[in-house]
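Student: Before we start, here is the structure in question, set down as C-alpha cells.
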Amino acid sequence: MSTPSPDPLPEDLQELERTLTALKPEAMDSVSQARMTAAILHADATPEALDETSAAHNFPIRQAIWGSLTALAASIAIAFGLISNSAPLPAPSAAEVPAPILVDNTPLSNPIGVPEYATQVSAQSTLQNVVDEGIIQTESQRRMRQLRTFYLDTVSWTDPATESKLQLSYQREELFLIPVDAI
Amino acid sequence: MLSQPADMDPTEDAAPPSSWRDVLAEHGHRFQLYARQQARNDADAQDILQEALVKAWRASGAKERLEVGFVYTYIRRTAIDWGRSQERRTRREQRSLRDSIWGQSTPTVWFERTLETDERHRQVEAAVQELPPEQQEVLVLKIWADLTFDAIARTLEVSPNTVASRYRYGLQNLKRTLSTLKKA
C-alpha cells in the first residue's frame, strides 16, 4: 500500500527540482560496463553452492603470462623528476566478458631499471577486459572454462633522497581455467 | 551474511523486469551515481557497485533478471560494510597516499560535463555534494534514480515520511546554498 503523497513543494523548490533534473549522471565508460558485465557472468559460472573444501572448488588456476607484454601494447612511462600520466592503453575487443576478479595492490616485483634505493609507494592493477574463450578439455579429460583477463598494472616508486618519482605502467594477461564439470 | 530484501516488492514501483543486460544498460549510470554518493572515491564506488550488482543478481534469482530496487539496496548495504572493513580502510589510505604524492586528489565527477554545461550547473553539483549524506542520498535516489518515496524508504529502511522530510530539507538547504553563491 503506497503512502499518501506529501504536501506539494512550493514553487521555488519545484523550480530547483527542475534544475537538478537537468543534470545527467555521468555515463559508465566501456571498461566499467565490461567489468560489471563480467562480474555477473563470472557469478553465473561460479555458483556459491560449491563446497569450498572440495577439489571442484579449487579454482581459479592462475597462470600469469608475463610474456604477453611483447604481444600487447605495453607502455612504459619513465619520469625521474617528472610525473608522466601514460595514456590509457587500448583494450582488446571483447566477446563475452565474464570473470572479473579485480586484483588491487598486488605486490609486484621490482622490474629491471628501478634503482634499488627507490621505495615502492603504490601498486595497482586495473581490470581492462575479460574474454571468454569457451570450454576446453584438459589432458585429464576435465572440462574447463577458459577465461583470459587483461590488466593494466601501474607501480610507483619514489626516491626519498631526491623526491624524484618513477611510474611504470604495463599490461598483464592472466589465464583462468575454471572447472565446469562440477556445476 | 546480508539477508535478501524480502520485503521489497520490486514490481510495485518499477517497470516490468528486464534482462540484467538491459537493466545495466538503462540504469548503469544511475547505479554508478548512487555508488559514488555512497563511497569516498570513484575506485571504491566501482568496487562497491560490482559487489552490489552480483548480490542483487543472485537475490533476483541468479538467472536473467535483475531487480532495479535490489541493486540500490545492495549498493547501500555494501557501502556500509565497506566503511567498516579494516582491509578496505587500509586500501583507501594507500590511495590517499598516492593521491597526495601525485597531487592528484580530485573530487569525483557525478554529472556529465559538456561545453554547454554552464557555471550554474557546476555550482549546483558542488552544492549537492556538500549536503549532509542522509539528505544527499534521498535526493540522488529521488531525482536521478527516479525512485518513489516508498521505494526509497525500503532501500534506506526508514519510513516514507522520513524520506519526504529529508528530501524537503535537502532541497531547502540546496536553495539556501545556491542563493548564497548567487549573491557572492
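Every read-out reported here was derived from the displayed coordinates using simple, explicitly stated rules and does not represent laboratory data. Treat the numbers as computed from the prediction; the structure is a model and nothing was measured. Cβ sites come from the backbone with ideal geometry, for glycine too, and all protein chains shown count toward neighbours.
Student: Hey, could you check the stretch B:143-173 for residues that are in contact (Cβ under 8 Å) with a residue 12 or more places away in the chain and over 27 Å from B:E26 (Cβ atoms) and say which is surrounded by the most Cβ atoms within 10 Å (Cβ to Cβ)? Step through it out loud before you land on a result.
Tutor: Within the stretch B:143-173, the first condition is being in contact (Cβ under 8 Å) with a residue 12 or more places away in the chain, and the residues that meet it are B:144-152, B:154-156, B:163-164, B:166-167, B:169-171, B:173.
Keeping just the survivors that are over 27 Å from B:E26 (Cβ atoms) gives B:169, B:173.
Numbers: B:Y169: 15, B:N173: 18.
The qualifying residue surrounded by the most Cβ atoms within 10 Å (Cβ to Cβ) is B:N173.
Student: Scanning the stretch B:33-89 for residues that are of a type in the set (A, V, I, L, M, F, W, C) and assigned to a loop (DSSP other than H, G, I, E, B), which turns out nearest to B:D22 (Cα to Cα)?
Tutor: Step one: filter the stretch B:33-89 for residues of a type in the set (A, V, I, L, M, F, W, C), giving B:33, B:35, B:39, B:43, B:45, B:48-49, B:52-54, B:56-57, B:59, B:62, B:66, B:68, B:70-71, B:75, B:79-80, B:82.
Checking the rest, the ones that are also assigned to a loop (DSSP other than H, G, I, E, B) come to B:39, B:62, B:66.
Values: B:A39: 25, B:A62: 15, B:L66: 9 Å.
Across the stretch B:33-89, the extreme among qualifying residues is B:L66.
Student: Collect the residues in the stretch A:149-170 that are under 13 Å from the mean Cα position of the chain (by Cα) and crowded, with 20+ Cβ neighbours inside 10 Å, keeping them in residue-number order.
Tutor: Filtering the stretch A:149-170 for residues under 13 Å from the mean Cα position of the chain (by Cα) gives A:149-154.
Of everything in the stretch A:149-170, those that are under 13 Å from the mean Cα position of the chain (by Cα) and crowded, with 20+ Cβ neighbours inside 10 Å turn out to be A:T149, A:F150, A:Y151, A:L152.
Student: Would you please name the residue that is farthest from the other protein chains (Cβ to nearest Cβ), looking only at residues in the stretch B:143-181 that are among the hydrophobic types (A, V, I, L, M, F, W, C), more than 19 Å from A:L16 (Cβ to Cβ) and in contact with a helix residue (DSSP H, G or I) (Cβ under 6 Å, 6 or more places away or on another chain)?
Tutor: Of all residues in the stretch B:143-181, those among the hydrophobic types (A, V, I, L, M, F, W, C) come to B:143-145, B:147, B:149, B:151-153, B:156, B:158, B:163-164, B:171, B:174, B:178, B:181.
Restricting the remaining residues to those that are more than 19 Å from A:L16 (Cβ to Cβ) gives B:151, B:153, B:156, B:158.
Still in the running and in contact with a helix residue (DSSP H, G or I) (Cβ under 6 Å, 6 or more places away or on another chain): B:151, B:153.
Details: B:A151: 10, B:A153: 8 Å.
Among those residues, the one meeting the criterion is B:A151.
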